[in-house]
Structure formats: C-alpha cells, structure tokens
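Read-outs: derived from the displayed coordinates by stated rules, not from any lab. Computed from a predicted structure; not experimentally measured. For neighbour counting, all protein chains shown are included, and Cβ atoms are generated from backbone atoms with ideal geometry for every residue, glycine included.
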Amino acid sequence: MEIFHIGAECYPVAKVGGLADVIGALPKYQSSTENQVRVVIPCYQTVFRLENDFECVHWGKLKLGNFNFPFSVLKEISNKLGFELYLVEIPELFDRPNIYNYRDDIERFLSFQIATLDWITGRSSIPDIIHCHDHHTALIPFMNKYCPKYEKLREIPTLITIHNGLYQGIFSFNKLYYLPEFDLIHVKELEWGNCINSLAAAIKCADEVTTVSPSYLNEINNSNNGLETLFQQFRHKSRGILNGIDIDVWDSNKDPMIENNYSIETIADGKQKNKEYLCSLFNLDASKPLFCFIGRLYYEKGADLLPEVVLSALTTYKEEINILILGHGDVELENQLSHLLSEFSGNYNVYIGYNEELAHKTYAGSDFILIPSRVEPCGLNQMYAMRYGTIPIVRRTGGLKDTVVDFEDNGNGICHDNASVEDICDSIQRAIDLYKNKEIIDQIRIKGMNTNHSWETVSQEYIELYNLIITKRYES
C-alpha cells in the first residue's frame, strides 16, 4: 500500500506542537515491506533542512487565482526518519523563520495543497490513500473530488485526522478564485457559516474522519467552535483513534538528551540524579517535590491559570515544593510568569521558549507534571511523562481522560474535573501527600512506565481503516 501523509509539521523537521510528533512517528511505524509511506510538508527554513541532503524530484508552477508561484519538491536522500520525506518548496511563501502566524497563511497553505496535488497528479503512479492532517491540508479531499484538474486522483480515498478542531482554516468567499476550477454546483461543500471553512469541507468530502482520541470525538459533537451539528451529521464516518508516542525517542533507558539514563529497576536513583541536575540548572531544591509544566502558554492549555496557581501554591506550600515552567506563547502570560521569579526565587523558575532537549531533561527530572487543559484532543505530554516515571496531574478532558486514571482508583496519575485554580491546587496538595509515601509513589511511577502507548498498535489500526476505506470505494 502506498500511503501519503500530508501535514504542516513533522518532527524533527519542523515542530510547533503535537501534530509534528504524530506525523514524525506514525509513518515510521507504518513503514514495512508491504507499505510505502511518504510524508509531505512545506519546506521551511529550519535547521533540519539546512543540515541534511535533498534532491529535487519535481519542479513546476502553481496557480493560485491570478498569482503564479514556482515550486519544487525536494526528497530527503537518506530516508533517515524511517519513511520518505518530501518538502514542497515555494520560496515566496515559505522561506521564513516561523511555521505559522503570518497574515497570508491562507495563501501559504492553500498553495502548498495545490502544489502537492499537482505533483502527485504528475507522478507515474498514484497512492492508495491520502491521509490529511488538520485544516492546513483539509481542502485536499474537496479538490480531489471536484476539481477536474485532479481527475486522475478522483478514485483515491482520503482521510482527515483532526488534531485540533478549534482551528478550521476559515476564509472569505472573496478568495474562492484561489481554488482550481470546479463546477460551482459543489460550492456548498466548502461553505459553513457563510464562509469557506477548510475543516468543514474535509468533514463533508473525506471518506473518513478521525480524531486523536475517543473522548475528543465525543466532545466535539457537543462543543467545537460552531461545527457541532456538522460533526453530528457525519458521525457515521468518524472514529476516535488514540495517538501513540515514539517509544524509541521517549525512552528513559537510552534517551541521549537526559543526564542519567534509568529503567524501571533503577527508577528511584535515576529520577533523583536527573532531578538534582535539573534543579542545579534552575536554582531549585532537589530535596523537594518538583512540579513542572511543559507546553504552549495558551488559554486552551489552561496556561492562563498558571500565574495564580504558582502564587497560591508557593504561598501556601513554600517550604514544601518547587515549580518549573517551560513554555512560550501569550506574551502577557510570559511576562506574568517571569515577574513571579523575584518573589519565589529558590522555589520557582521559568524558561520562556521552546527547547526539545530541555523538555526531555524536565520530563526525566520532575516528580509531577501539570496538564490543566481546557481542551486537549489527545495530549502527548502525559504519555511522555509516564515514560519517565513522572506522574501526570490532569484535568479530565479529551485524551487526558482516556489515558490518565486517578491513583485512588488504582490508576497512574492525579485527576481533577475543572480548569480552575482551586482544582489544580487541590491536586497539588494531594501530590504533596502522595510524595511522602515513597512505596506508593514508586508503584504509580512504575505503573506509568509500564503503560503501553506505542504507535505499534495504533499504526495497525490506521492500516486496517485504510483497507476498509479502500474496500468500500472498490465495492461502490
């Protein structure tokens, strides 16, 4: 089977969040003698692009309404990621330092989708399935189905995976002319809320819709930025498949990014050594339980609660705990968290920015990780943390609800129901009490490390879904 994964990010090539981790891992686990797996993302000016060798396998010009852009498709030569990686180079749109948050993002990602389909159409063979990820690629199922330019691809099944349904790729009908020509009788497939909604178009046009956890699928049927009734309408072709993690990358026993490797058998000593190193970096006391937060500082992550949580927890438990925050995002939140440094020096620190190696060190050296998300389609942080024996403290939502069970219910973490300062601080108090019982805390850590969140099973579930979609297409 020839599988194309098309997305905006892929670790370690270009990463903002969990989308990159998924597209960087799932294809690797799907690759086999039976499956040819190809990943296509835009060509950003990243370190990976500059430090690795590529060959040009296609060159062309794409038409975006009245504009024409030259583009090329570059293939990474060594296949070092475990699959074939292709970068779509559009110099006028993607030769920039960041992945997102430009005023012309609609033009950028629409041009990427058009260029990708132009290239696939021109290949001597066509894939068995096209797997799209999030709104950045969500117009591909529509163009595949209705644009005569891509008639050669019309019989190829498409799948859209929704990693975060809050972002939908919405733009005005004034830009309809950007799309390749199609019969306007089909324009209703693009429309939602009197706008072109890329994600809505994919839900309507793709053969199958998946979310990254079963609980998130249930949640978006009731609350998802105006798409609730659409999700309900197409529930029959939707399913929730819980993400996995790359256990080769996230392995405390062989991770080259952490100071001291350790296994389940050496967890107590290994955790302490990594904690001592981490605390030395951030002027914290390694004899106290260390709570961390790792992620983007945005409202949906519950990060707006962190300044008050830090203030309340360290005022109440100043002599008992340390808190370390790694993140970036909302500038006001960054400033609030930084301003707390002077008040709680020695018990608190913050790193503003993204640093993959430091994140690994923090997973290995922390006792607990705070994940107070308001919205969490799947969440990978809790899975990473458990691989390192770090106990997740989570709000019961989305994939967090599917992966973390409270330790009082014989589970692997600490859970609360509300995205509130009070609930988070109550969980911190429970964690402090738990930390004092070394026998029980070690049992919970071991339970987390033994939890299997590998992509092995998940990747096979996707393969079975692909086969089902292809069979349905063949029978129809």
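Of S342, S366, S31, S312, the sequence from fewest to most neighbouring Cβ atoms within 10 angstrom is S342, S312, S31, S366. Put simply, the amide H of Y351, placed in the peptide plane, has neighbours under 5 Å in I325, L326, G327, leaving out anything fewer than 5 places away on its chain.
Translational diffusion coefficient of region 229-339 at 37 °C, 0.692 mPa s, Stokes-Einstein with Kirkwood Rh over Cα pairs, in µm²/s as a whole number. Roughly 190 µm²/s, to the nearest whole number. Compared with the alpha-carbon gap, the fully stretched path from E408 to L468 is longer by 17.6 nm at 0.36 nm per residue.
By other beta-carbon atoms within 10 Å, ranking M386, M449, M143 with the fewest at the front produces M449, M143, M386. The structure-derived value of Rg and Dmax of the Cα atoms in Å appears in the list (i) 23.0, 69; (ii) 28.5, 93; (iii) 21.9, 72 under the label (i). Take the Cβ-Cβ distance between E265 and E308 as r, set R0 to 35 Å, and report the resulting FRET efficiency rounded to the nearest 0.05. The pair E265/E308 has a calculated efficiency of 0.30.
Taking the longest Cα principal axis of the chain as reference, the axis of helix 356-365 is set at about 40 degrees. Converting phi to 3J(HN,Hα) with the Karplus coefficients 6.51, -1.76 and 1.60 and the offset θ = phi - 60°, region 60-75 yields x, 10, 9, 10, 10, x, 8, 9, 10, 10, x, 9, 9, 10, 10, 10 Hz in sequence order, with x at every glycine or proline. Based on C-alpha pairs under 8 angstrom that are at least 6 apart in sequence, region 267-452 has a relative contact order of 22 percent.
A convex hull fitted around the alpha carbon atoms of region 267-452 yields 101 Å³ per residue.
Efficiency by 1/(1 + (r/R0)^6): what FRET value for E2 and N253, r their Cβ-Cβ distance, R0 = 41 Å, to the nearest 0.05? Approximately 0.70, to the nearest 0.05. By the count of neighbouring beta-carbon atoms within 10 Å, fewest first, H135, H453, H328 end up ordered H328, H453, H135. Straightening the chain between R154 and E92 buys 19.4 nm, computed as 0.36 nm per residue apart minus the Cα-Cα spacing. Hey, can you grab everything whose amide H is under 5 Å from the amide H of Q36? Only 5+ residues off in sequence or another chain; H modelled, so Pro and N-termini drop out. Amide H neighbours of Q36, under 5 Å, 5+ apart: E2, I3.
With 0.36 nm allotted per residue and the present C-alpha distance subtracted, the L341-A286 stretch has 18.0 nm of extension available. What the phi angles of region 26-34 give under the Karplus curve with 6.51, -1.76 and 1.60, with θ = phi - 60°, is a coupling list of 3, x, 4, 6, 7, 5, 6, 5, 8 Hz, glycine and proline written as x. Identify the residues of region 3-27 with backbone N under 16 Å of a label point that sits 7 angstrom from the Cα of R49 along the Cα-to-Cβ direction, or state none. Under 16 Å, as judged by backbone N against the label point of R49, lie 7-16 of region 3-27. Label-to-label distance, H186 versus N418, with points set 7 angstrom from Cα along the beta-carbon direction: 4.9 nm.
3J(HN,Hα) couplings calculated from phi for region 370-377 with the Karplus curve 6.51 cos²θ - 1.76 cosθ + 1.60 (θ = phi - 60°) are, in sequence order, 8, 9, x, 4, 7, 10, 8, x Hz; Gly and Pro show x.
Computing FRET efficiency as 1/(1 + (r/R0)^6) for E228 and Y299, where r is the C-beta to C-beta distance and R0 is 30 Å, gives about 0.95.
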